[in-house]
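Engineer: One structure follows; several queries about it will come next.
Quick note: the coordinates plus some simple rules give every number you see, no bench work behind them. Quick caveat, the model's predicted, so the values are computed rather than measured. Note that each Cβ is placed from the backbone with ideal geometry, even for glycine, and that neighbours are counted across all protein chains shown.
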Amino acid sequence: MKNFTYYRPTSVDQALALLDTRWGTAELLAGGTDLHDLQKEYVAQPSRVVSLGGVNGLGGIAANDREVRIGAGVKLAEIAAHAAIRKHFPGLASAAGDVGGPQIRNMGTLGGNLCQRNRCWYFRDEHTNCLLKGGQRCFALEGENRYHAAFAQGHRCVIVNPSTLAPVLIALDATVEVQGPRGRNNVELAKFFRAPTGPTERETILAPNEMVTSVTIPVRGLANASYEVRQKQSYDWPLVQAAVSFTRQDGKVNAVKIVLGHVAPTPQVAEARGIAGRAVTEDTAAAAGRAAAEGAKPLSQTGYKIRLIEVAVKRALLIAAGQKRYWEA
Amino acid sequence: MIDSGAVGRWVSAPGAYDIVTGKARYCPDLDFPGMLIGKLLYSPHARACIRRLDVTAARMIPGVIAVLTHADIPGENSYLYAEPDQPLLVVDEVRFQGDAVAAVAAIDEQTADAALRAIDVEYQALDGIFDPLAAMQAGAGQVVAGKDNIMMHKTYRTGDVAAALASAHVIVENTYRTQWAEHAFLETEGGVGLVDADGGVTVYSSCQAPHRDRMQIARALGLPESRVRVITPYIGGAFGGKDEAHVQIHAALLAHAARRPVRLIRGRRESILTHVKRHPFIVHCITAATRDGRLLAVKARAIVDAGPYSNATHEVLNKFGEFIGGPYTVKNLEIEKIAVRTNNPITGAFRGFGAPQAAFVYESQMDDLARKLGMDPLEIRLLNGVDTGTRMYTGVVVREGKAMKASLRRAAEMMGWQQRGELGRQPATHLRRGWGMATILKGSGMGRGLPDHAAVLLEMHRDGSVVLQSGAADMGQGIVTVLAQLAAESLGVEMSSVHVVRADTAQAPDAGASCASRQVMVSGNAVLRAAVPIRDSLLQVAAEKTGVARDRLVLHGGRLHVDGQAHDLTVAELARRALFRGYPLQSEGRYELEYPADAPEVTYRYSQEVFQFCTQIAQVLVDCETGQVAVERLVAVHDAGKMINPGGVYGQIEGGVAQGIGYALTEELRVTEGHTLNASLENYVIPMALDIPELEMDVLEMPEPLGAPLGAKGIAESPIIPTAPAIRNAILDAIGRPLYQLPMTAERVLSALDAAPCADPA
């Protein structure tokens, strides 16, 4: 790990003042579950580390009957356990409760989950000078890419966005509050992510001197769920994640939103077809799953993700609709 | 010999409390005044020429005490215990990602890191040789200049395979592929080097073979072995991955150069990139049988990717060949064994030593054969299984083999094999349930013709407390517990009265490596022998004091017993009196596993002749939509010969099966052009508690004549061996599709299903 100067500001403005207009020289430290790993591998080499641990106003979950506001510094474990979140947004509670293991959830924060760097093994190898580190090529495009994008079309860098909270929050129409030198700004979470193509871009639209301070989710009585296909039951990342939300009336669903995680460089909003105006059954959910996977353009080793998208969407819809979980024997 | 008391009871391991409360000290916990931190520099290229290597700038950094290159090694710059062909520090060519280029010692971690980054190396990247099949072709170029890429090519034949194949009613012929697998021990490799006042060196080593480490450290330092001392602190797992020396030699070199203590611990990523992996095999196998399912012949050709250096490749491939026929009566067998050098990761010892790969092949073949013949997997195994007295294809006669069929029958009973379909083969539309078994044998001990002995020193003090010096490394497998139990039992004291000193070459005689499931046999028997003269002294005193004949006296639980009745005299009192009289209370015990010479038919070189038999049966649930395989139940029935510490035996089974489930379903190093991409536990997917079912275990005790009087066989390796083929056969049963490649990931199961969609249950 390269030596750095550690700052512990007490306000958002102080923290912002310590950031730079370029990426890489200063990094925000929330739970540290990602940043310190990157530093140990010399992939991140900031000269300033700005701790958010002492910053006022980043904690707390405020819930009323119109919206739930979650501070960027709220731990994943708190989100998973919060009564109002479990009641209104069970999909978010389950996504937060499935991250890593208890130690990760007790340290990792909402803001960190949204702003963490991607998990590409080429990106995370100090000696591989990939596109995101100023190199000329994306090594995953032609190389080992089983954990990479299945919707790879048009992308020069084929990472997947690692956040498992983002797809659910997008499905729930959440907005994110961003603060920077020009003040505060609310952004739809659906427009918060981007596909980076070089060292001057990251996985979000944040400028190097901006930060996330909170996320607000409207309470609209949407049914919602998140389903992850993973290799093991704990301490694992999804291979594919599907988050869904919809309204329900007379047994029929409408305003169906489907957001896929771990299939593209950004959370992928999929077209919801074959289900609107109908009841959620295994058949209609399967049709929606197939529709969601349409248009995927997998890499050499991610073809299997298409099947997993179909399944994840189907299962997420069934969970949200309170149907029997047929896959549990 | 053994009646009751400490042996055969569930006991708490000495030190268990310290381990679980964090008090036990492992290499990374050791600290000495003035201690430095050591680190190694590796090449970013899998293969490269070193054009320039300049450490001047690194040496100038304040706080950097030693920087070593190959030129600074006082002794031999090569190591490995069998054929020392791996450089400690590279001279001019890097041949794999784990070849160390330089070593540094500095006052702290950051300074050592800075020193590594200040070393100026000009590499000229070279085209590596990464495909073992291509490396075998003429004109492939040499991985190691002057050495053939084919490191080993041997064929072993018995019987007449061609004639047997010609007469066979049914033949199954398949090609199997296995992966590079990682030990993933909790504690990464480490060593702490200290320089003694007289110029000798002491090394704390996280290892499996302290006396052999001593030999290798002495060779590198150019010192006589008498000036090198190796001590094992607590060790956090090894599984074969610490059988070969690793950084303890570099720690010694740095300490010797710096004249200060040096602690060198590998990081997790560094550990995965540098130490040996389980060999990846490509095996083509033909198995032939008669119409009624009797095996006629096995013919196999195995190619392994060895990486650039020899490590234990010869030995692992040899063991693979020795077990490729399985625990079956096969009269005609041919095994061609080929090891190929590449610039891929080095490969070597890993729990089972070639036997897991062999079992994946032969047990998959058995189920394919059974399906072709329409036979029950249990029946075909019982029909062909070896028994006591069976002459194996290696020429070895099985001395004690009742557990082969007994474990099959017991496991089938525990699983409810005959009623297995009743639970439902299709519990839901997209789920398929299946059952699969595997039965195996695994040799214990080094094998005929190799030295296989151990010695211990035992001493009772005047207060009746006992100290036992053993050179057997305890990496967590529990040999210290077993030896303490045996000493306590033999001397008639409580186990708490026995202190086993963790292996220290300055005090303990050589016990050989803790490998090949051998220590309980050799060191265990050595303790029994060491106890004899001490017990004699105590009983002699007791007889003199009580006037009762020796044959009516027994020592038990720290007290003398006369005709089975507790007497007032304690063992401590007897010890005090024995010392007063000058009777010896100190003894060396030595045991060698001796293979009777009257077996001229044993044709397989270094064949093992003590066999651990076992059967595992898996019940799996396959999700046909995702390809995910859940192991719902797993029955494991193992033969331990004689159980000394049942808790240890069951613990080994649990751990081995967990490791076996990972090997079967998820664990695989992804290596591209010599670089391991998933060198972390994030993407090298080892199963965790939630991924392992509650295991259903039973242990059979069939005392081993060759390991008499103790009769224990060792249990460390067999538990991992049948797990992967049992799961493979259960998947086959569930979805009707055979898999021939490990691990059987969800992706591979899905693609097997794509070839033919989820079949309706039979």
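Engineer: Hey, what's the per residue convex hull volume over the C-alpha atoms of region B:220-369, in cubic angstrom?
Structural biologist: Looking at region B:220-369, the number lands at 158 Å³ per residue.
Engineer: Any chance you could run the full-extension gain for B:Y81 through B:D127? It's 0.36 nm times the residue separation minus the Cα-Cα distance, nm to one decimal. Show your work: numbers first, answer last.
Structural biologist: On the way: separation 46, 0.36 × 46 = 16.56 nm, distance 2.92 nm.
Result: 13.6 nm gained on full extension.
Engineer: Tell me, what is a quarter of the convex hull surface for the C-alpha atoms of chain B, in nm² with one decimal? Please report the intermediate quantities before stating the final value.
Structural biologist: Values: hull surface 138.9 nm².
Averaged projected hull area, Cα only: 34.7 nm².
Engineer: Further, regarding this structure: Based on alpha-carbon centroids, what's the gap between region B:328-366 and region B:560-606 in Å, whole number please?
Structural biologist: Between the Cα centres of region B:328-366 and region B:560-606 lies a distance of 40 Å.
Engineer: Rounded to the nearest 500, what is the 222 nm mean residue ellipticity of chain A from helices alone, with -39500 (n - 2.57) per DSSP H run of 4+ residues and division by all residues? Please report the intermediate quantities before stating the final value.
Structural biologist: Details: 11 runs with 83 residues, N = 329.
Helices in chain A give a 222 nm mean residue ellipticity of -6500 deg cm²/dmol.
Engineer: Classify region B:458-500 as rounded, prolate or oblate, taking a ≥ b ≥ c as the square roots of the eigenvalues of its Cα gyration tensor: rounded when a/c is under 1.5, otherwise prolate if a/b is larger than b/c and oblate if not. Walk me through the numbers on the way to the answer.
Structural biologist: Numbers: a/c = 2.57, a/b = 1.77, b/c = 1.45.
The shape class here is prolate.
Engineer: Okay, next question. When ranked by the protection proxy of mean other Cβ atoms within 10 Å per residue, highest first, what sequence do the peptides B:111-123, B:135-147, B:665-677 form?
Structural biologist: B:665-677, B:111-123, B:135-147
Engineer: Another one. Using +1 on the beta carbon of Lys and Arg, -1 on that of Asp and Glu, and nothing else charged, what's the dipole of chain B about the Cα centre, debye to 20? Don't jump to the answer; show the numbers that get you there.
Structural biologist: Numbers: 73 positive and 87 negative charges, 143 e Å.
Its charge dipole is roughly 680 debye.
Engineer: Counting just the Cα atoms, what span does the protein assembly as shown cover along each of its three principal axes? Round to the nearest Å and put the largest first.
Structural biologist: Result, largest extent first: 97, 76, 71 Å.
Engineer: Using modelled amide H (1.01 Å from N, peptide plane; none on Pro or chain starts), what sits under 5 Å from the amide H of A:G108, excluding residues fewer than 5 places away?
Structural biologist: A:L76
Engineer: What translational diffusion coefficient, to the nearest whole µm²/s, does region B:124-203 have by Stokes-Einstein, given a Kirkwood radius computed over alpha-carbon pairs, a temperature of 37 °C and 0.692 mPa s viscosity? Can you show the working numbers first?
Structural biologist: Details: Rh = 19.5 Å.
It diffuses with D of about 168 µm²/s by this estimate.
Engineer: Along each of the three principal axes of the Cα atoms of region B:59-214, give the extent in whole Å, ordering the values from largest to smallest.
Structural biologist: Answer, in whole Å and largest first: 76, 38, 30 Å.
Engineer: Obtain the nm distance between the two label points defined at A:R66 and A:K2 by a simple spin-label model: each point lies 7 Å from its Cα along the Cα-to-C-beta direction.
Structural biologist: 4.7 nm
Engineer: Using only the Cα atoms of region A:284-329, each taken as one equal point scatterer with no solvent, compute I(q) by the Debye sum, divide by I(0), and report log10 of the ratio at q = 0.14, 0.23, 0.29 Å⁻¹.
Structural biologist: The computed values of log10 I(q)/I(0) come out as -0.36, -0.76, -0.99.
Engineer: Let me ask something else about it. On average, how much area does the Cα convex hull of chain A cover when viewed from any direction, in nm²?
Structural biologist: 16.0 nm²
Engineer: Label-point separation (nm) for B:D120 and B:R294, each offset 7 Å from Cα along Cα-to-Cβ?
Structural biologist: Inter-label distance under the simple model: 7.6 nm.
Engineer: Above 28 angstrom, tally the Cα pairs of region A:40-194 and express them as a % of all pairs, no decimals. Present the calculation step by step, with values, prior to reporting the outcome.
Structural biologist: Numbers: 3591 of 11935 pairs.
Percent of Cα pairs beyond 28 Å in region A:40-194: 30.
Engineer: Could you check what % of the DSSP bridge pairs in chain B are antiparallel, to the nearest 5? Mind dumping the intermediate values first?
Structural biologist: Values: 101 of 129 bridges.
Within chain B, antiparallel bridges account for around 80 percent of the total.
Engineer: Considering amide H positions built from the backbone, and no H for Pro or chain starts, which residues 5 or more places from B:K642, or on another chain, come under 5 Å of its amide H?
Structural biologist: Amide H neighbours of B:K642, under 5 Å, 5+ apart: B:E704, B:A712, B:K713, B:G714.
Engineer: Something else now. Among residues other than B:M151 whose Cβ falls under 10 Å from its Cβ, what is the net charge (Lys/Arg +1, Asp/Glu -1)?
Structural biologist: Numbers: positive: B:K147, B:R341; negative: B:E83, B:D85, B:D148.
Here the count lands on -1.
Engineer: Moving on to the next point. Can you tell me the convex hull volume per residue for region A:50-115, based on C-alpha atoms, in Å³ to the nearest whole number? Walk me through the intermediate numbers first.
Structural biologist: Numbers: hull volume 5.7 nm³, N = 66.
Per-residue hull volume (Cα only) is 86 Å³.
Engineer: If I take R0 = 60 Å and measure r between the Cβ atoms of A:N254 and B:E592 in this structure, what FRET efficiency does the formula 1/(1 + (r/R0)^6) give, to the nearest 0.05? Present the calculation step by step, with values, prior to reporting the outcome.
Structural biologist: Numbers: r = 81 Å, r/R0 = 1.35.
After rounding to 0.05, the efficiency reads 0.15.
Engineer: Taking 1 over the mean of 1/r across every pair of different Cα atoms in region B:414-466, what Kirkwood radius in Å do you get?
Structural biologist: On the way: mean 1/r = 0.0567 Å⁻¹.
Kirkwood hydrodynamic radius for region B:414-466: 17.7 Å.
Engineer: Next question. Using just the C-alpha positions of region B:407-510 as equal point scatterers, what log10 of I(q)/I(0) does the Debye formula give at each q in 0.12, 0.19 1/Å?
Structural biologist: -0.66, -0.97
Engineer: Given the Cα-Cα distance of B:K23 and B:H567 and 0.36 nm per residue of separation, how much length would full extension add, in nm? Intermediate values should be presented prior to the final figure.
Structural biologist: Values: separation 544, 0.36 × 544 = 195.84 nm, distance 3.89 nm.
Length difference between fully extended and current span is 191.9 nm.
Engineer: Normalised by the empirical 2.2 N^0.38 Å for globular proteins, what value does the Cα Rg of region B:454-539 take? Intermediate results must be reported in sequence, preceding the final value.
Structural biologist: Numbers: Rg = 11.9 Å, N = 86, 2.2 N^0.38 = 12.0 Å.
Relative to the rule-of-thumb radius for its length, region B:454-539 sits at 0.99.
Engineer: Just to be sure I understand: if I project the alpha-carbon convex hull of region A:224-328 onto a plane and average over all orientations, what area do I get in nm²?
Structural biologist: The orientation-averaged projected area of the Cα hull of region A:224-328 comes to 6.6 nm².
Engineer: Once the cut-off is 13 Å, how many percent of the Cα-Cα pairs in region B:551-593 end up in the long-distance tail? Can you show the working numbers first?
Structural biologist: Details: 561 of 903 pairs.
Above the 13 Å cut-off, region B:551-593 has 62 percent of its Cα pairs.
Engineer: Next up: Can you give the net charge of the other residues whose Cβ lies under 10 Å from the Cβ of A:P199, counting K and R as +1 and D and E as -1?
Structural biologist: Values: positive: A:R22, A:K133, A:R202; negative: A:E201.
That sum, taken over residues with Cβ under 10 Å, equals +2.
Engineer: Something else now. Tally Lys and Arg at +1 and Asp and Glu at -1 over the other residues with C-beta under 11 Å from the C-beta of B:A112: what net charge comes out?
Structural biologist: Numbers: positive: B:K39, B:R117, B:R263; negative: B:D108, B:E109, B:D113.
Charge balance near B:A112 sits at 0.
Engineer: With viscosity set to 1.002 mPa s at 20 °C, what whole-number translational diffusion coefficient in µm²/s follows for region B:567-720 from Stokes-Einstein and a Kirkwood radius over Cα pairs?
Structural biologist: Working: Rh = 20.1 Å.
After rounding, the answer is 106 µm²/s.
Engineer: Something else: Given all pairs of different Cα atoms, what value in angstroms does the Kirkwood hydrodynamic radius of region A:216-270 take? Show your work: numbers first, answer last.
Structural biologist: Working: mean 1/r = 0.0786 Å⁻¹.
Kirkwood hydrodynamic radius for region A:216-270: 12.7 Å.
Engineer: Taking the Cα of B:E701, stepping 7 Å toward and past its beta carbon, and measuring to each backbone N in region B:1-43: which are under 17 Å?
Structural biologist: Residues passing the 17 Å test: B:1-12.
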